[in-house]
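Below: the structure, in structure tokens.
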Amino acid sequence: MAYPSSMPQEHDCVRLIEAVTENGENFPAGTTGIVVNIYNGGEAFEVEVIKSCHESNVITVRAPQLEKLT
């Protein structure tokens with residue numbers, strides 16, 4: 001499916017513009033990650049956040065909570 005070019009696409013780097021809490025873990029504004037899935041035409045995204053060389057999290061983020069990095 002094609003999405004508007006301003007919307008993050010799979011494998012785009014994104015940054016949280018507001019804090020997100022998922023499964024009891026906090027991800028502050030400014031956290032960066034990679035889009036790994038897009039839901040409902042861009043209403044929400046799964047973002048992989050790398051915490052260290054051996055640990056990552058996949059979080060679900062609503063579109064207004066992130067911005068695409070260039």
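The values are calculated or read from the model by the stated rules, or taken from the named source; none is laboratory data. It should be emphasised that the depicted structure is a prediction, and the values quoted were computed from it without experimental measurement. Every residue, glycine as well, gets a Cβ built from its backbone with ideal geometry; the counts of neighbours run over all protein chains shown. Ligands, DNA and RNA are stripped out before the accessible areas are found, and what is left, the full protein with its side chains, is counted by its heavy atoms. Shrake-Rupley method; radii C 1.70, N 1.55, O 1.52, S 1.80 Å.
What to note about this one:
- Within the stretch 35-48, residues that are polar (S, T, N, Q) sit with their Cβ atoms under 9 Å from residues that are open to solvent by 40 Å² or more (accessible area, probe 1.4 Å), at 6+ positions apart or across chains, in these pairs: N37/E10; N37/E46; N37/V58; N37/T60.
- Taking the stretch 50-70 as the range and being part of a strand (DSSP E or B) and closer than 11 Å to R15 by Cα as the test, the residues that pass are V61, L66, E67, K68.
- Selection of the stretch 50-63 for residues being in contact (Cβ under 8 Å) with a residue 12 or more places away in the chain and either open to solvent by 70 Å² or more (accessible area, probe 1.4 Å) or among the aliphatic types (A, V, I, L, M) (or both) yields I50, V58, I59, V61, R62, A63.
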